[in-house]
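Worksheet: one structure, shown below.
The values are calculated or read from the model by the stated rules, or taken from the named source; none is laboratory data. Given the structure is predicted, the values throughout are model-derived calculations rather than measurements. Here the Cβ positions follow ideal geometry from the backbone for every residue, glycine too, while neighbour counts run over all protein chains shown.
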Amino acid sequence: MSALYLGPLLLLVALHQSSGVDLLRALIFVALAVGSVLAHELAHALTARALGVPVRHIALTWFGGYASFWVQPTRWRDAAIAFAGPAANLLIASILFAILAVLPSQDATWIEGADIYVRPHNPNLIEYAVRAGAFLNLALGLFNLLPGLPLDGGHILRTVLSTRMSLGRAGWIAAWAGIVIGVVAIAYAIWVESFAILFVGLFVAGSAWGERRAMR
Ligand SMILES: [Zn+2]
């Protein structure tokens, strides 16, 4: 966690607040986002260690990240380490969704006459936190599984393709897939006018472009 992340985090608090959420909920949201990304990274690191691959450093991006190694792990180890990150997020998401299903909605009120339950605009803090954590982890897990480098799904795609072609060619295709994912994300960001998605799209497209050049 470097000071570099303070800027985006403060921006995230501000953006979240501007969407009509109070400061406390915005702070909870950002804390959950940081915790979810850390869980993702920890899963990469622990899997790498379990497979006997020394980790050089873990690159933290604010939508996930990936590990780099002193020694390039074998293809299937690389895929397993890559899969562990999103898998951790999907596991956390399913646990939180299960909790959400049994959590009593204390704030729902019965309206006499209308005969309906009305859910308040702001549910209580615990319910908010569990719900936000569930959706955050679901989004992190699914996004990072998209099959393009530098995303975790791109590592898995490269390994799968490499059973039918050279690792270099498989990596080249996975990098191009990443460029396509980045460009689609940028187009979507412009369409929905989202700075956060634009930032992620630019990062993915830029990194994929770099990976493609390294592959040649
Ligand atoms: Zn990852």
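Say we look at the stretch 116-125 and pick out the residues that are surrounded by fewer than 18 Cβ atoms within 10 Å (Cβ to Cβ) and either modelled with pLDDT of 95 or more or not in a helix (DSSP H, G or I) (or both); which of these is farthest from the ligand (Cβ to nearest atom)? Break it down into steps so the answer makes sense when it comes.
The initial filter retains those residues of the stretch 116-125 that are surrounded by fewer than 18 Cβ atoms within 10 Å (Cβ to Cβ), namely 116-122, 124-125.
Still in the list and also either modelled with pLDDT of 95 or more or not in a helix (DSSP H, G or I) (or both): 116-122, 124.
Numbers: Ile116: 43, Tyr117: 40, Val118: 41, Arg119: 35, Pro120: 36, His121: 35, Asn122: 33, Asn124: 32 Å.
Within the stretch 116-125, the match that is farthest from the ligand (Cβ to nearest atom) is Ile116.
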Inset, instruction - Sort through Gly85, Gly64 and tell me the only one that's crowded, with 17+ Cβ neighbours inside 10 Å, within 30 Å of Val130 (Cβ to Cβ), near the ligand (Cβ under 9 Å from one of its atoms) and modelled with pLDDT of 70 or more. - result: Gly85
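For the stretch 151-175, what are the residues that are charged (D, E, K, R) and without any contact (Cβ under 8 Å) to a residue 40 or more places away in the chain?
The first filter runs over the stretch 151-175 and keeps only residues charged (D, E, K, R), leaving 152, 158, 164, 169.
Matches in the stretch 151-175: Arg164, Arg169.
Looking at Gly148, Gly178, can you tell me which residue is surrounded by 20 or more Cβ atoms within 10 Å (Cβ to Cβ), touching a residue at least 60 places away in the same chain (Cβ under 8 Å) and either of a type in the set (Phe, Trp, Tyr) or within 16 Å of the ligand (Cβ to nearest atom) (or both)?
Numbers: Gly178 fails: touching a residue at least 60 places away in the same chain (Cβ under 8 Å).
Going through Gly148, Gly178 in turn, the sole match is Gly148.
Going by what's in this entry, would Val37 be described as within 15 Å of the ligand (Cβ to nearest atom), crowded, with 18+ Cβ neighbours inside 10 Å, at pLDDT 75 or above and not in a helix (DSSP H, G or I)? Even if it seems obvious, please write down each step before you answer.
Values: within 15 Å of the ligand (Cβ to nearest atom): yes; crowded, with 18+ Cβ neighbours inside 10 Å: yes; at pLDDT 75 or above: yes; not in a helix (DSSP H, G or I): no.
In short, no.
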Inset, instruction - Please list, ordered by first then second residue, the pairs with beta carbon atoms under 8 Å, 6 or more apart or interchain, first in the stretch 72-83 and under 15 Å from Arg49 (Cβ atoms), second surrounded by fewer than 17 Cβ atoms within 10 Å (Cβ to Cβ) and aliphatic (A, V, I, L, M). - result: Pro73/Leu51; Arg77/Leu51; Ala80/Leu51; Ile81/Leu51
